[in-house]
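Below: one structure, written as C-alpha cells.
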Amino acid sequence: KAGVTQTPRYLIKTRGQQVTLSCSPISGHRSVSWYQQTPGQGLQFLFEYFSETQRNKGNFPGRFSGRQFSNSRSEMNVSTLELGDSALYLCASSLEQGGVHEQYFGPGTRLTVT
Amino acid sequence: GENVEQHPSTLSVQEGDSAVIKCTYSDSASNYFPWYKQELGKRPQLIIDIRSNVGEKKDQRIAVTLNKTAKHFSLHITETQPEDSAVYFCAASKWNDMRFGAGTRLTVKP
C-alpha cells in the first residue's frame, strides 16, 4: 500500500496570508490527525478527523481549521498567518483496531512565514 | 487532557552501549504507548508500541516496558549502532487522542 502523502512539501507565505495543506491517508484508513512540529515544542496535536467529522481538537486558535472529504483525504487551513506558524505540519492516518490507533505519518509540509 | 513527559532531552552513548529513554503520562485511561524514531529531515516512523494489557515487548535490539501503576514507560535500545542516531518520541494514547513527549535526541558515537 502507498504511504501517507502530503502536498505541498514546502511552502513560503507572508504574514496575513492564508494557506491550505493537503493529506492523503493510507488506503482504508479513515482517521486523519494533524500535528504541528517545531524545534522547541515537539509534536503538538491540532485535530483529528474521522468520516468527515472532527472528533478531537487540540489547543490551537480558531485560525487553524480542517476538513475531511468522503475519500478520507484531509485538508488543514491556517488563516491570517503569523511568524510563529512557521513549522513542519505532519498528518498521520490510522486504522482503528482493537481500540487503539496505530498512526502512520506523512512526510510533512514545511511552512515558512515571512 | 493527557500530559506526557520525556527524559532525557539529549542522550549520547558509545556504539555498542545501551540507551534508555523514559516517559511518564498523566491519564490513567491511556491504553496505547507507541515510540517513534525521526531521522533528520524525515517523517516519524513507528518503531515499537505497547498496549496497556502488556508489561513488556521486545523486537530485536529494541524493547519497551510499561508500568501502569506508576504511569511510566521506557524504551531500551541495546548494542546501539550509529544508525540509531535520531530523535525518539514517546506517545500516550486514549483511543483517538494521542499526545507526544518532547523528544530525545540520541547520538551514538562510533
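No value in this document is a laboratory result; all are computed from the given coordinates. Bear in mind that the values here come from a model prediction, so they are computed numbers and not experimental data. Quick reminder, even Gly has a Cβ in these numbers, built from the backbone with ideal geometry, and neighbours come from all protein chains shown.
Over the Cα atoms of the protein assembly as shown, what radius of gyration and what Dmax do you get, in Å?
Computed over the Cα atoms of the protein assembly as shown, radius of gyration and Dmax are 17.5, 51 Å.
How large is ³J(HN,Hα), in whole Hz, for each residue of region A:85-92 in order, when computed from phi with the Karplus curve 6.51 cos²θ - 1.76 cosθ + 1.60 and θ = phi - 60°, using x for Gly and Pro?
7, 4, 5, 9, 9, 10, 10, 9
Rounded to a whole number, what is D in µm²/s for region A:1-54 from Stokes-Einstein with the Kirkwood radius over alpha-carbon pairs (10 °C, 1.306 mPa s)?
Answer from the Stokes-Einstein relation: 120 µm²/s.
Could you list which residues have their amide H under 5 Å from that of A:Thr5, counting only those 5 or more apart in sequence or on another chain, with H placed in the peptide plane?
Here the answer is A:Ser24, since their amide H atoms fall under 5 Å of that of A:Thr5.
Name the long-range amide H neighbours of B:Ala86: under 5 Å, sequence gap of 5 or more, or other chain; modelled H, no Pro or chain starts.
B:Leu106
Residue-wise, which Karplus ³J(HN,Hα) couplings in Hz belong to region A:8-20, taking 6.51 cos²θ - 1.76 cosθ + 1.60, θ = phi - 60°, and x for glycine or proline?
x, 7, 9, 8, 10, 10, 9, 3, x, 6, 10, 9, 10
If you project the alpha carbons of chain B onto their three principal axes, what span does each projection cover, largest first, in Å?
41, 27, 19
I want to verify a result. In a Gaussian network model of chain B, Cα cutoff 10 Å, which of these has the top mean-square fluctuation: B:Gly16, B:Gly55, B:Gly41?
Judging by the Gaussian network model, the answer is B:Gly41.
For the pair B:Thr78 and A:Ala2, how long in nm is the line joining their label points, each one 7 Å along Cα→Cβ?
A separation of 4.1 nm, rounded to one decimal place.
Can you give the percent of C-alpha pairs in chain A whose distance is more than 22 Å?
Percent of Cα pairs beyond 22 Å in chain A: 27.
Work out from phi, with θ = phi - 60° and the Karplus expression 6.51 cos²θ - 1.76 cosθ + 1.60, the ³J(HN,Hα) of each residue of region B:75-88, listed in order in whole Hz, and give x for Gly and Pro.
Result, ordered by residue: 10, 10, 10, 9, 6, 4, 10, x, 6, 7, 4, 4, 9, 10 Hz.
When DSSP assigns beta bridges and you keep just the ones with both residues in the protein assembly as shown, what percent turn out antiparallel, to the nearest 5?
The antiparallel fraction comes to roughly 90 percent.
Counting pairwise Cα distances across region B:36-101, what percent come out greater than 14 angstrom?
Cα-Cα pairs of region B:36-101 separated by over 14 Å account for 62 percent.
Quick one: which residues, 5 or more positions from A:Lys13 or on another chain, have an amide H under 5 Å from its amide H? H modelled 1.01 Å from N in the peptide plane, none for Pro or chain starts.
For A:Lys13, the qualifying residues are A:Thr112, A:Val113, A:Thr114.
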